Amino acid sequence: MVTIMRKIASLLILILTVFLTSCNPTSNRTKLVESNIDYFQYFDTLIYLRVWDTKKYNSDSELWKGAEDIIKHIQLTFQKTKDGDFEPELYKLNQSAGSGQPFKVSYDLFEVLKLGLEFAELTDGKFDPTIGPLVDLWDINNKAGKDAAPPSQEEIEAILPLIDYRLVELDEENKTVLLPLKGMAIDLGAIAKGYAADVLADYFKANGIEHAIINLGGNIFAIGKRYEKRFDGREEWAIGIRDPRFSAEDSIANVYIVDKTIVTSGTYERFFRDINDTSKTYHHILNPDTGYPYDNNISSVTIICDSSALADALSTSLFALGIENGIKFLEGQFPDVAAVFIDNDMNFYKTSNIDELYDFEPFI
């Protein structure tokens, strides 16, 4: 939707101005001679940043310092839990739930939450930023890769009344949020990484970087064209879609892109086995209606578009909607966005525009 895209763009412009550093754009790019890389550990994931430029940026450079400042700020705004003695802004908002008092938040938290609520409206609550209590109950981040017990039906039913995006009260003029029920909690994990990727992409471009890869735990933003042509003459970046059956290094398809973002949500990302029945697994994409992970024969959903925040929200939304309804929703609401679904039998389902917009290369 044009309105949502404009809101994302205006928000990114405002936040970016806070972080632009003294690192000046490099001029007279006649030959790309340096490939520079740095890693950060935020959002419970490894962040991989790589730029190609005529200038060398070491780990102490202003470019990397500015990038890490952006990442730190976003984490300490949207993190749901305390960080030692420090209380992130979203944590404090959630602590205010049930107090009866509106809680004043920063512009960026207000606008990203508003974006999440708009997606909740669009998907009739399939995407719901008030899902925080259910995320905490399942605690899949800490159980991932282990055998553990799922929550009981009674525990889930006690939580479900707290999950309803329609209960959240926003005051646009004063930038306040009211969570009326004690125990309510906002979780913006389905948007925050994508939002961070967008801000980083704009930051690099504003500092004169023309070729870069930003990878926030699978949220990938490819800036510009490749720094040099591939062996086959292509100028596009080849971005792999992970094979849901194997490790992160194994791709099941490539998509060739220029200055686009690719975001994938999959059941393989975080899951645990039922300690009482190890044939059962539970993944992290939770249904706010039932309180259980979605069970809809989908292994992954990949979104390709201009905004990583939008792609983040859409990948979760389409997973929730299912293959047929998800494709119908995307083609009706966001005709410039492309998607690829992979079901549990490794069959591909694509939006009708993907072959027109991109070179999609499956390996099976």
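The values are calculated or read from the model by the stated rules, or taken from the named source; none is laboratory data. Keep in mind that this is a model prediction, so the values were computed, not measured. Positions of Cβ are backbone-derived with ideal geometry, glycine not excepted, and every protein chain shown enters the neighbour counts.
Only residues that are within 24 Å of I354 (Cβ to Cβ) and either surrounded by fewer than 19 Cβ atoms within 10 Å (Cβ to Cβ) or aromatic (F, W, Y) (or both) were counted across region 219-248, and they come to 16. When restricted to residues that are surrounded by 12 or more Cβ atoms within 10 Å (Cβ to Cβ), in contact with a strand residue (DSSP E or B) (Cβ under 9 Å, 6 or more places away or on another chain) and part of a helix (DSSP H, G or I), region 138-161 contains 3. Selection of region 162-175 for residues being over 23 Å from the mean Cα position of the chain (by Cα) and part of a helix (DSSP H, G or I) yields L162, L167.
Scan region 244-257 for residues that are touching a residue at least 24 places away in the same chain (Cβ under 8 Å), over 20 Å from I214 (Cα atoms) and either not in a strand (DSSP E or B) or not hydrophobic (A, V, I, L, M, F, W, C) (or both) and jot them down. Listed by number, the residues that qualify are P244, R245.
Once region 76-130 is narrowed to residues that are touching a helix residue (DSSP H, G or I) at 6+ places or on another chain (Cβ under 8 Å) and of a type in the set (S, T, N, Q), the residue that is farthest from E172 (Cα to Cα) is T81.
Filtering region 120-137 to residues that are of a type in the set (S, T, Y) and either at pLDDT below 95 or part of a helix (DSSP H, G or I) (or both) leaves only T123.
When we screen Y349, Y294 for residues that are more than 17 Å from the chain's Cα centre (by Cα) and either crowded, with 21+ Cβ neighbours inside 10 Å or more than 27 Å from E236 (Cβ to Cβ) (or both), the only hit is Y294. The single condition among (1) of a type in the set (K, R); (2) in contact with a His (Cβ under 7 Å, 6 or more places away or on another chain); (3) more than 25 Å from A197 (Cα to Cα) that K328 does not satisfy is (2). Contact map, region 261-284: first residue in contact (Cβ under 8 Å) with a residue 60 or more places away in the chain and under 30 Å from L357 (Cα atoms), second residue among the small types (G, A, S) and part of a loop (DSSP other than H, G, I, E, B), Cβ cut-off under 8 Å, separation 6 or more or different chains; pairs are T261/S307; V263/G218.
Consider region 48-102 and keep the residues that are part of a loop (DSSP other than H, G, I, E, B) and among the acidic types (D, E). The one that is nearest to A222 (Cα to Cα) is D60.
Filter region 71-102 down to the residues that are among the β-branched types (V, I, T), surrounded by 18 or more Cβ atoms within 10 Å (Cβ to Cβ) and under 23 Å from G183 (Cβ atoms) and list them by number. The answer is T77, and nothing else.
Restricting region 103-116 to residues that are surrounded by 17 or more Cβ atoms within 10 Å (Cβ to Cβ) and outside any helix (DSSP H, G or I), the residue that is nearest to the chain's Cα centre (by Cα) is V105. Mind telling me which of the residues A201, A185 ends up being assigned to a helix (DSSP H, G or I), at pLDDT 95 or above and under 21 Å from the mean Cα position of the chain (by Cα)? The conditions single out A201.
Residue by residue, here is whether (1) at pLDDT 90 or above; (2) touching a Pro at 6+ places or on another chain (Cβ under 8 Å); (3) among the charged types (D, E, K, R); (4) over 19 Å from D312 (Cα atoms) holds:
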| residue | (1), (2), (3), (4) |
| --- | --- |
| V18 | no, no, no, yes |
| E34 | no, no, yes, yes |
| Y42 | no, no, no, no |
| T45 | no, no, no, no |
| Y48 | no, no, no, no |
| W64 | no, no, no, yes |
| T77 | yes, yes, no, no |
| K92 | yes, no, yes, yes |
